[in-house]
Amino acid sequence: MIGRQRQMIALVALCLATGVPIIVLSGGPFATYTQLASSTLACLAAALCGTAARRATGTVRGGWALLAAGCLCWGLGNFYWSWSELVVHAEVLFPSPADAGYLLFPLFGTAGLMLVAGWASAGSRLTVLLDGLIAGCALFVVGWVVTVRSVWQAGGDSAFAFVVSLAYPVGDIVLATMAVLVAGRMRRGGRGVGLLLVLGLVGMATSDVMFALDTSAGTYTTGQASDAGFFICFAAFGAAGWTATRRPMVFDGAGVMTRWQIMLPYLPFGLAGCVAAGQVLTGGQVDGAEALPLLAGLIMILLRQLSTLLHNSRLARRLQHQAYHDPLTRLGNRALFTETLQSALTSATPAAVVYLDLDDFKVINDSLGHDAGDAVLRAVADRLQSCFAQPDTVVRLGGDEFAVLTFRVDALPVQAQRLLTELAEPLQVGARTVRVSASVGIAISDGRPTRPEDLRKNVDLAMYAAKAQGKNRYALFTPSMRHDFDRELMWRAELHQALTDEALHVAYQPIVGIGDRRVVGVEALARWDHPVLGSVAPDLFIPVAERAALIGELGMFVLRRACAEFAAWPGAAEAYLSVNVSPLQMLSPQFCDRVAATLAETGLRPQQLVLEITENALADESEVIGTLVQLRATGVRVAIDDFGTGYASLRYLHRFPADIVKIDRTYVQDITRDPAALRIVGTLWQLFHAIGLTAVAEGVEDPVQAEMLIELGCPLGQGFLFGQPGPLAGLAITARDPQSSGAGIGPPPAVSRGYGSLAGT
Ligand code: C2E
Ligand code: MG
Ligand code: MG
């Protein structure tokens, strides 16, 4: 609002600053010299419009150049007039070379304004031109009836002279109409330049009409008051050029006209019709000079209607395309998919829906940026399209989700595998090579009536199954998936309730010196006391908690409970507490603080706590590593759990922020029957020892395994042989006789293997 007020004040100030002096001087001895001033102003305006042209690009540059040419022609024409009057002291003939300069102004101006507006749509540009011509014809009729006819009948020096004088107001009317249209299409915040151009053209039109009337009446004198419009015109054009160099005009690109823009040409034409009708009603006659422009106007109105209709139908097609397509990949969108699926399922033809969700696309977006992410999505769209052909429909549902409706149902598994292979091809994104994979779900409708929403739910489940099975694969929907899904939902709800009710407890399994069976640590293992199923094993509910985003809460419950119970256990001073942690827990920025707070609450020293994390969570460059480094700095130790079951590369092992490695039980179980397994375990011990990691053998179940581990030199073990997971209260720190297998701890060993440092001293 304030901006608009300021613009109006600036325009009024400009009018006063340029118009008032000429009105004051008119009729005085300096009147003829004002001609020189207006010529200079026109040339200055030409220079400023020229600057705008230099700064602009494309067609807008041409537009400003034409406006500059228009101003220059007018200025030169006016110089000729001044020269004739002031130097040659001869009356300027009409028409003269000066008129050529004056009349080139509306010609260049019209073309210039069209280019400056720079509309993409030719239909829209034509509409503007027609609007200008319609308004010009209509105003000519009005002008003719009101004054020009009587001037015409009075006669002029020559018909040519008269036509030239009429060309002024007609040209200006066209220009003014166009300028109004230009200003009308400018967007908020970029209208200043347009308003200046309109002001200039109104000034020019007013002075031109007065000039034409006075010339034909033979009463025109140089520098008369009505010439003020010329000054206003060129001052405004100059200001417009100068403003455009700093703040270019902005136009509505949508090509949608407002109501007043549509009405604009009809108003003067209606007025012309009323004037002509009034003439007939008062007994007068409509002569050729009125009838011809009226007819021409009518034809142009019809052309305008046609052009508008064509423009609108193009616009409607474009809008329809936009409504059904994704601008990024140019594939169809969700709306198109919904409609196509709906109609496909009404026929008895078998059809299938394929859903594709990129694996870990967030990582690409986060690490390489959103532009790279967009490039990947476009490449995936191209690969998808190359795998499916008409009449299949390939769409992007949103984000990194794509869908295909295909009728080649039999070839689907092969097709899905081909798709995965195509996707796996490396992608070049800028200077980086990116590899993507996807989880693909497939659901088939066998031609029997199927509701689209059912098919979509099924394919969703299949896609989730593909993700759950390890990603980069496809899964075909089977009814059991729905059952699994319902069960998952039920488990999530029950686990949530269990956490609220604290229906979980912690079982403890001893970690012992294999030789002396002395307890060096205890591992805390979560148990869920289910009202129907009894004690539920963590293998079943930890993954559910991870998928339901309950793992943070569950993990903290176990940590707090285990720390509190361990702190109250008599053997706590000589052993450590090992707690399993999910990598998802560690992604929370508050994790370290929570661990520290728990230790403080329960009075445990950081050295008494070991956090166990599976090796996959430590894959190179994992975010978890930073958290582990931070934790170890506080004194808490880290154990790599289930070593040998994941993907951790030996190359990075020494760089992991870990203290203990727990060799998975699958290796330990085989040592009694497979010499290769024995050699692997033996070599692993030596390797870990060499890089300063303490090894623990998991899943030791029988005394023979224990004997062999002792032979290999392995110091520590955990397994049913040394004790089942159970309440901490029943666990004694001293070991029982090694021969008496099963739960419980045997007597002190004869030989110490030197693992005492592991106890949280
Ligand atoms: P884990 O950390 O490797 O824990 C050892 C698992 O092996 C325990 O199963 C234990 O009962 C079992 N086990 C111990 N000795 C033997 C043996 O001699 N033979 C055989 N066959 N098994 C043995 P559990 O308690 O069912 O725990 C399974 C897994 O669940 C754990 O494996 C751990 O990865 C995870 N887990 C348990 N509690 C938690 C927890 O609080 N948080 C997280 N994130 N994971 C947990
Ligand atoms: Mg563990
Ligand atoms: Mg383990």
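Tabulated data
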{"read-out": "Tally, over the stretch 488-540, of residues that are within 20 Å of Phe557 (Cα to Cα), in a helix (DSSP H, G or I), touching a helix residue (DSSP H, G or I) at 6+ places or on another chain (Cβ under 8 Å) and more than 14 Å from ligand 1 (Cβ to nearest atom)", "value": "2"}
{"read-out": "Subset of the stretch 463-475 [surrounded by 20 or more Cβ atoms within 10 Å (Cβ to Cβ) and over 28 Å from the mean Cα position of the chain (by Cα)]", "value": "Ala465, Tyr474, Ala475"}
{"read-out": "From Val700, Val668, Val696, Val661, residue being under 54 Å from the mean Cα position of the chain (by Cα), of a type in the set (Val, Ile, Thr), more than 24 Å from Leu628 (Cα to Cα) and surrounded by 21 or more Cβ atoms within 10 Å (Cβ to Cβ)", "value": "Val668"}
{"read-out": "Test: residue in the stretch 593-600 that is away from ligand 3 (no atom under 16 Å from the Cβ) and buried (at least 20 other Cβ atoms within 10 Å of the Cβ)", "value": "yes"}
{"read-out": "Counted residues, the stretch 575-601 - those being within 16 Å of ligand 1 (Cβ to nearest atom) and under 21 Å from Leu728 (Cβ atoms)", "value": "8"}
{"read-out": "Breaking point among (1) under 30 Å from Ala289 (Cα atoms); (2) surrounded by fewer than 24 Cβ atoms within 10 Å (Cβ to Cβ); (3) assigned by TED's automatic domain parsing to the domain that holds Thr219, for Leu129", "value": "(3)"}
{"read-out": "Conditions (1) within 25 Å of Ala564 (Cβ to Cβ); (2) hydrophobic (A, V, I, L, M, F, W, C); (3) part of a helix (DSSP H, G or I); (4) more than 16 Å from ligand 2 (Cβ to nearest atom): number failed by Ala706", "value": "(1)"}
{"read-out": "Qualifying position, being within 16 Å of ligand 2 (Cβ to nearest atom), within 40 Å of the chain's Cα centre (by Cα) and hydrophobic (A, V, I, L, M, F, W, C), among Leu609, Leu587, Leu618", "value": "Leu618"}
{"read-out": "Condition met for Ile625 (away from ligand 3 (no atom under 16 Å from the Cβ) and under 26 Å from Val519 (Cα atoms))", "value": "no"}
{"read-out": "Of the criteria (1) surrounded by 15 or more Cβ atoms within 10 Å (Cβ to Cβ); (2) within 16 Å of ligand 3 (Cβ to nearest atom), which one Leu653 fails", "value": "(2)"}
{"read-out": "Yes/no for Leu44 being modelled with pLDDT under 90, surrounded by fewer than 22 Cβ atoms within 10 Å (Cβ to Cβ) and outside any loop (DSSP other than H, G, I, E, B)", "value": "no"}
{"read-out": "Gln305 vs. criteria more than 30 Å from Asp410 (Cβ to Cβ), assigned to a helix (DSSP H, G or I) and under 20 Å from the mean Cα position of the chain (by Cα)", "value": "no"}
{"read-out": "Ala639 closer than 18 Å to Glu698 by Cα, surrounded by 22 or more Cβ atoms within 10 Å (Cβ to Cβ), assigned by TED's automatic domain parsing to the domain that holds Met556 and modelled with pLDDT of 95 or more", "value": "yes"}
{"read-out": "Residue identified as in the same structural domain as Gly552 (by TED's automatic domain parsing) and within 14 Å of ligand 2 (Cβ to nearest atom) among Thr634, Thr645", "value": "Thr645"}
{"read-out": "Candidates Leu525, Leu533, Leu504, Leu499 - the one that is within 16 Å of ligand 3 (Cβ to nearest atom) and surrounded by fewer than 24 Cβ atoms within 10 Å (Cβ to Cβ)", "value": "Leu525"}
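To keep it simple, each residue is scored yes or no on (1) surrounded by 19 or more Cβ atoms within 10 Å (Cβ to Cβ); (2) touching a Pro at 6+ places or on another chain (Cβ under 9 Å); (3) modelled with pLDDT of 95 or more.
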{"site": "Cys563", "(1), (2), (3)": "yes, no, yes"}
{"site": "Val579", "(1), (2), (3)": "yes, no, yes"}
{"site": "Gly603", "(1), (2), (3)": "no, no, yes"}
{"site": "Val610", "(1), (2), (3)": "yes, no, yes"}
{"site": "Leu618", "(1), (2), (3)": "yes, yes, no"}
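The values are calculated or read from the model by the stated rules, or taken from the named source; none is laboratory data. Computed from a prediction, not measured in an experiment: that's the story for all the values here. Using ideal geometry, Cβ is built from the backbone for each residue, glycine included, and neighbour counts are taken over all protein chains shown.
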